[in-house]
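Undergrad: Handing you this structure, nothing more for now.
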Amino acid sequence: MLSREDNELLCRVGPGTPMGELIREYWFPALPSREFPTADGDIKRMRLLGENIVMFRDSEGRMGALAEACPHRGASMYFGRNEECGIRCPYHGWKFDVTGKCVDMPTEPEDSNFINKVRATAYPCRDVNHMVWIYMGRKAEPPPFPDYEVNTLAPELVSEPNIMMEEANWVQNMEGDLDSVHLDWVHKRLHEDSEPPPLGSNGFYNPDPKPAKLDVVRTDYGAYYSGMRKMPDGREWHRINQFIFPFHTMITVGPVVIFRAFVPLDDHHAMLITQAAMPNGPAFDDEYNQLQIDPFKEVGGYIERSHDPRSYYMTVANKRNDYWLDRDVQKDRMYCGIPFVLNLPDRAMTELMCGADGEPLYDRTQEHLGTTDVFVIAVRRQLLNAAKQRRDTGEAPANVADPHLGRVRMGSFLLEAGADWKAEVAERLDPDNGLPVAADLPLII
Ligand code: FES
Ligand SMILES: [Fe+2]
């Protein structure tokens, strides 16, 4: 439970808000590289942290992100022309390069120096391993680019990003990833031998869903935890997930590195972006990557985009059609009858949370957190402390200046009863020792 003030502070990301300014300290993923297949290709609209921007790849292949409104008289640069290393506003022909510099102002006299006085708001971009990252902060010099494994491995060892738009505040969505216990419920099949549902995966089956015991470790880059479950043979299964400032999670779903971002478009929409990495190979093949590009095919895929970025990566199965809930499946096969295709059931759990009067921001003054919510509590506290500290002292978390602190892994381990789990797993959570991803997953059967 949070006070109303803290709830607002935690969730709101627009310019000038404490959390929005904290997030702006970081490089973060914006859109996949495949949206910009060619130099001088189509300009794309985007919306990030409540700001409308346009993104484009210039003649030399560099990515640019500019405020959508032209600095002259506010026309949308989306309608502009992408030509010769810059975009030209369609209204009066002013032209800006990827740095925001005005490089042509055809409406002014030749001897005018007005061109040197006007700049477009420009955000630096980096195109790395299938993903375009952006820095929307205030510093003239962006911080070091993060060396997460998805950014440092050879491109063929990192998957195409899969993306899902979520019609809810980013924190609501992310809290689902911080919650190991929901696996035993929303994602479970009813019986070990339940008939597979017609759509989506068959889910998890845990014969003894006693609540996992959570043990949280706060760190200088965020936090991680073990969700420990006792196995029938007496051993202990530790599923260890990471939270990395400002909105990344790493969850264990198999022998791959999973890196996620919950990127806020505004206070009520966020994109869940997931990339997988195979540090020790093999390379991802075309079939795998195609599946990431169109992961919701069996539940209708994505809706046709409108001019509004909030329609990008919006699935056909969504809250307007109950996410294709099948009550018959719910009766005798799956605990939740929503097709288990990526995070579709999770979205149903979090998108309909709301505030007083149906306001879409979830009202955390009304909730009742229990013992299995300790990681959710810890991450909220980490985020709130970081945003307040930045607001009050200007100091950002240590992983802004030193992103290497967040170069970590998630993992899943079967350990002897009573083992000192932190000591036992430390080596395997460090990507730099050549060891494979730890993925003992006894309940995925
Ligand atoms: S509004 Fe863009 S050049 Fe005039
Ligand atoms: Fe889930």
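Undergrad: Pick from Met349, Met353, Met334: which is touching a Lys or Arg at 6+ places or on another chain (Cβ under 8 Å) and aliphatic (A, V, I, L, M)?
TA: Met334
Undergrad: Are there any helices (runs of 4 or more DSSP H) wholly within the range 304-401 with 3 or more residues that are buried (at least 19 other Cβ atoms within 10 Å of the Cβ), and if so which?
TA: Output list reads 344-351, 374-393.
So that you can scan it fast, the table gives a plain yes or no per residue for (1) in contact (Cβ under 8 Å) with a residue 12 or more places away in the chain; (2) closer than 19 Å to Val118 by Cα:
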{"position": "Gly16", "(1), (2)": "no, no"}
{"position": "Met19", "(1), (2)": "yes, no"}
{"position": "Pro29", "(1), (2)": "yes, no"}
{"position": "Ser33", "(1), (2)": "yes, no"}
{"position": "Glu51", "(1), (2)": "yes, no"}
{"position": "Arg62", "(1), (2)": "yes, no"}
{"position": "Ala69", "(1), (2)": "yes, yes"}
{"position": "Ile87", "(1), (2)": "yes, yes"}
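Undergrad: Anything in the range 24-54 that is over 28 Å from Val400 (Cβ atoms) and of a type in the set (A, V, I, L, M, F, W, C)? List them, or say none.
TA: The answer is Ala39, Ile43.
Undergrad: Follow-up. Please find, within the range 46-76, the residue that is surrounded by the most Cβ atoms within 10 Å (Cβ to Cβ) out of those that are within 16 Å of ligand 1 (Cβ to nearest atom) and charged (D, E, K, R).
TA: Glu68
Undergrad: Cβ contacts < 8 Å: first residue under 15 Å from Met55 (Cβ atoms), restricted to the range 302-316; second residue assigned to a loop (DSSP other than H, G, I, E, B) and aromatic (Phe, Trp, Tyr), any location; separation 6+ or different chain. Result?
TA: Filtered contacts from the range 302-316: Arg305/Tyr312.
Undergrad: Glu427 - would you say it is more than 24 Å from the chain's Cα centre (by Cα), of a type outside the set (Val, Ile, Thr) and in a helix (DSSP H, G or I)?
TA: Yes, satisfied.
Undergrad: Further question on the same structure: Within the range 188-198, how many residues are touching a helix residue (DSSP H, G or I) at 6+ places or on another chain (Cβ under 9 Å) and surrounded by fewer than 19 Cβ atoms within 10 Å (Cβ to Cβ)?
TA: Of the residues in the range 188-198, 5 are touching a helix residue (DSSP H, G or I) at 6+ places or on another chain (Cβ under 9 Å) and surrounded by fewer than 19 Cβ atoms within 10 Å (Cβ to Cβ).
Undergrad: Only one of Asp208, Asp193 is more than 25 Å from Ser59 (Cβ to Cβ), free of Cβ contacts under 8 Å to residues at least 12 places away in the same chain, assigned by TED's automatic domain parsing to the domain that holds Phe375 and not in a helix (DSSP H, G or I); which?
TA: Answer to the check: Asp193.
Undergrad: Continuing with this model, one more query. Report the residue count in the range 263-273 for those that are more than 19 Å from Glu25 (Cα to Cα) and in contact with a helix residue (DSSP H, G or I) (Cβ under 8 Å, 6 or more places away or on another chain).
TA: 2
Undergrad: Quickly run through the range 14-39 and pick out the residues that are of a type in the set (A, V, I, L, M) and in a strand (DSSP E or B).
TA: Result: Ala30, Leu31.
The values are calculated or read from the model by the stated rules, or taken from the named source; none is laboratory data. As the structure is a prediction and not an experimental result, all values here were calculated from the model. Here the Cβ is made from the backbone with ideal geometry for all residues, glycine too, and neighbour counts use every protein chain on show.
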